[in-house]
Structure formats: structure tokens, C-alpha cells
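Trainee: Here you go, one structure.
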Ligand code: TXA
Ligand code: MG
């Protein structure tokens, strides 16, 4: 594996040659990790079943978990999907290139090895210039899940990709830290009403402004129900650090910090390594050696951008118990809490028994 630092490449005026090298690898059925505006992706030729199979092997990903096909031109949608409803066209126009994935019925050219056996296909046009250049230069449609080992937090820097994928893939394009930090919003457009299968930067209200009423997959909202999520990937434990993460919520921050400080004392007395996940504004409220700051409570986008790096940090320091505040405020709150709840394996400590304050979407 060789790694290309896009920043260095840009400075040396060699950006094009790195993209060309990566494009050649994709064309020949190899694996390339590349930056997108959401998280780093692990790309392969989407129409080459053998190449797609390599993604599953490199990630240790269950074979029923379909891949998103990345494109650089809306014309591709008509080659990949057997029907493209008006609402899909409106959403593509409004949000592409950008952090929105749409699900449509697939055409036969898309192998089931790419769609996890499903007869639908997920399609997205990313906005990151390196991603677009790579797709264009390779001339193939690029199947790309997040470039992490299955179950770990998605990579938001090239170093995260390296941690997980060293020796398993052919090349990493290093574009520095990504902008958004959580994966694209997924909308299923195969039914009557568009349905959000995974919340992200493009929110329900942003979608509704374009296409009218939008539903949310019920399995996402009912956090402790046994409903099966419609996006196969959403059913797996995900984004999870190695230690035990719990979310602590109450109706005011003083109660939250009191509960967390009590838990820190208890776990440290038992000899465990403990970490707290909090914001810049609240960090001084905790009595713990490992206070990990995820961003500003006033700005959801700073929390989204750092969340996965902080979850990875928990592993790096060997934290055995982690306690986090909720970050449900603002437009991105739903998407952040969706990821956090999965990372915590649904462990939520509420101030009032049974009463949940987590505002999901
Ligand atoms: O932001 C993103 O979407 C990133 C970047 C790299 O583009 N990609 C990403 O891919 O998050 P991945 O594979 O980690 O997540 C894709 C999700 C999974 O939950 C998968 O089950 C779902 O999309 N998915 C893919 N195809 C689907 C389909 N045909 N029907 C329902 N869900 C699908
Ligand atoms: Mg993923």
C-alpha cells in the first residue's frame, strides 16, 4: 500500500498524477480509500463483483450489507436505476453533489454482490473535489462504504484509515480531515413517501422543503424496539469504541454532571480507566483524568466533525468505561444522537427511570 498526501501533492502540483494512479487501481479492480465531505470511503469498481467482494474482505463486513455507489454525473443514475421518480430528480438537483444518498430500484448491470443481494441500489454524488476527480478519471462507478473496519467508528482522517486498513488496500488518498464527519443522509425513494433510513447533514426539514412529507424509518426512532431497520447496515453494532460507553441524560446539565461524576468515582474506585465525552463549555465540570472534548455545545457541526475521532481516542487511551452527555441540540442533533446511541449499544442512563430525554429526530 502506498499513501499519497493530497496536501503535499497539491503543493507540488502533482495532484493529477496521484488521482490518475488511484484511478488506474480502481479500473484494474483494486481498492482505494479517498476523502469525501462526510467520511473517508473505501472504493472499488461497483460493477465488478470481484472488486466489490474485496471491500467486504478488507472491512470484515457482513455480505448482506449493501454498498453505496458513488457517481460524478447525474446521467449515471439512469444507467444504474430502473426508474427515477420526479422526487428523486428534485432531490438530486437540490442536494447533489453533497451528503445525500438515494435508494432506487436497480438495473441488472448492478451486481447483487454490490447491493448485498437487494434489488435496490444506493447512489450518491459526493462533493469533495478529490472524490469527484477520482470517479471521473477512473471512468467507473465507485462502490464505497466508510473506510473503517466493520464495527469501528468511520474514519474522518487518512490516519484513521491507515489504522484500520494498513496492508489490506492498495492506496489511500490523504485529503486531510473531512468537513462534516458523519455519514450521508440516506433516503429511500422506492415507496410512495420518501423515507429516511439514516439521518445525516441533510435533515428531514431540508428534504421536506423540496419534496413535501418525508417519513423516518421507525426502527431508527424507537430506540429500544425490535423493529428491523430498512438500511441493513443500521442493524449492526457500529461506531463502537472497545470499552463500555453510556449516554447520560437529565433535564439539566448540573444533574448530568453530578451523575457522571458519581459514576467516575465509582468506576475509578474499582480500578477502571474512565473517560468523559463532553463539550468545550462543560469540560471543567468533570473530575476525571480523561475529559475528551467533542466540540462546542453551541455548534452541532463541530460535534459531528469530531465525534468519531473522540470515539477512536477512547480506544487509544484504553478507556474501559466512557460516559457522554447528549448532543441533541441543533439541526444535526438527530444524526449525532443516532450515531451515539449505536456507539453506546443503546445504554442510556436517564435521570428519571424510564423517561427518555433523547431527542432523536
Ligand atoms: O457518507 C457516506 O454515505 C459514506 C461515504 C464514504 O460516502 N459511505 C457510507 O457507506 O457511509 P456505508 O457502507 O458505511 O453505509 C452505507 C449504508 C449502510 O447502512 C447500508 O446498509 C445502507 O447504506 N444501504 C446501502 N444500500 C442500500 C439499499 N439498497 N437499501 C437500503 N440500505 C442500503
Ligand atoms: Mg459505514
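Trainee: Yes or no: the stretch 200-210 includes at least one residue that is in a strand (DSSP E or B) and either more than 15 Å from the chain's Cα centre (by Cα) or more than 26 Å from residue 330 (Cα to Cα) (or both).
Mentor: no
Trainee: Condition first: surrounded by 15 or more Cβ atoms within 10 Å (Cβ to Cβ) and within 26 Å of residue 316 (Cβ to Cβ). Now tell me which residues in the stretch 250-271 satisfy that.
Mentor: 256, 257, 259, 260, 261, 263, 264, 267, 268
Trainee: Another question, if that's okay. Filter the stretch 293-309 for residues that are free of Cβ contacts under 8 Å to residues at least 40 places away in the same chain and buried (at least 21 other Cβ atoms within 10 Å of the Cβ) and give the result. Spell out how you get there, then give the answer.
Mentor: First, the residues of the stretch 293-309 that are free of Cβ contacts under 8 Å to residues at least 40 places away in the same chain: 293-300, 302-303.
Of everything in the stretch 293-309, those that are free of Cβ contacts under 8 Å to residues at least 40 places away in the same chain and buried (at least 21 other Cβ atoms within 10 Å of the Cβ) turn out to be 294, 295, 300, 303.
Trainee: A further question follows. Mind checking which residues of the stretch 11-42 are closer than 13 Å to residue 175 by Cβ, in contact with a helix residue (DSSP H, G or I) (Cβ under 9 Å, 6 or more places away or on another chain) and either modelled with pLDDT under 95 or crowded, with 21+ Cβ neighbours inside 10 Å (or both)?
Mentor: 15, 18, 19, 22, 32, 33, 34, 35, 36, 39, 40, 41, listed by residue number.
Trainee: Please name all residue pairs, on different chains or six or more residues apart, with Cβ atoms under 8 Å, provided the first residue is in the stretch 231-253 and is at pLDDT 85 or above and the second residue is within 12 Å of ligand 2 (Cβ to nearest atom).
Mentor: Going by the 8 Å Cβ cut-off, the qualifying pairs are 241/153.
Trainee: Another question, then. Output the residues belonging to the stretch 66-80 that are buried (at least 18 other Cβ atoms within 10 Å of the Cβ) and touching a helix residue (DSSP H, G or I) at 6+ places or on another chain (Cβ under 8 Å).
Mentor: Within the stretch 66-80, 66, 67, 69, 70, 71, 72, 77 meet the criteria.
Trainee: Just to be sure I understand, how many residues within the stretch 127-147 are within 16 Å of ligand 2 (Cβ to nearest atom) and within 14 Å of residue 67 (Cβ to Cβ)?
Mentor: So the answer is 6.
So that you can scan it fast, the table gives a plain yes or no per residue for (1) on the phi > 0 side of the Ramachandran plot; (2) in a strand (DSSP E or B); (3) at pLDDT 95 or above; (4) in contact with a helix residue (DSSP H, G or I) (Cβ under 6 Å, 6 or more places away or on another chain):
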residue: 181; (1), (2), (3), (4): yes, no, yes, yes
residue: 187; (1), (2), (3), (4): no, yes, yes, no
residue: 224; (1), (2), (3), (4): no, no, no, no
residue: 260; (1), (2), (3), (4): no, no, yes, no
residue: 264; (1), (2), (3), (4): no, no, yes, no
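Trainee: Among residues belonging to the stretch 86-111 that are in contact (Cβ under 8 Å) with a residue 40 or more places away in the chain and over 20 Å from residue 198 (Cα atoms), point out the one that is surrounded by the fewest Cβ atoms within 10 Å (Cβ to Cβ).
Mentor: Step by step, filter the stretch 86-111, then rank; the result is 109.
Trainee: Of all residues in the stretch 132-170, which are part of a loop (DSSP other than H, G, I, E, B), closer than 22 Å to residue 97 by Cα, away from ligand 1 (no atom under 15 Å from the Cβ) and in contact with a helix residue (DSSP H, G or I) (Cβ under 6 Å, 6 or more places away or on another chain)? Spell out how you get there, then give the answer.
Mentor: Going residue by residue through the stretch 132-170, those that are part of a loop (DSSP other than H, G, I, E, B) are 139-141, 144-145, 147-157, 166-170.
Then drop every residue that is not closer than 22 Å to residue 97 by Cα, which leaves 139-141, 144-145, 147, 154-157.
Those still in the list that are away from ligand 1 (no atom under 15 Å from the Cβ) too: 139-140.
Scanning the stretch 132-170 gives a single hit, 140.
The values are calculated or read from the model by the stated rules, or taken from the named source; none is laboratory data. As the structure is a prediction and not an experimental result, all values here were calculated from the model. Here Cβ is always computed from backbone atoms with ideal geometry, including for glycine, and neighbour counts include all displayed protein chains.
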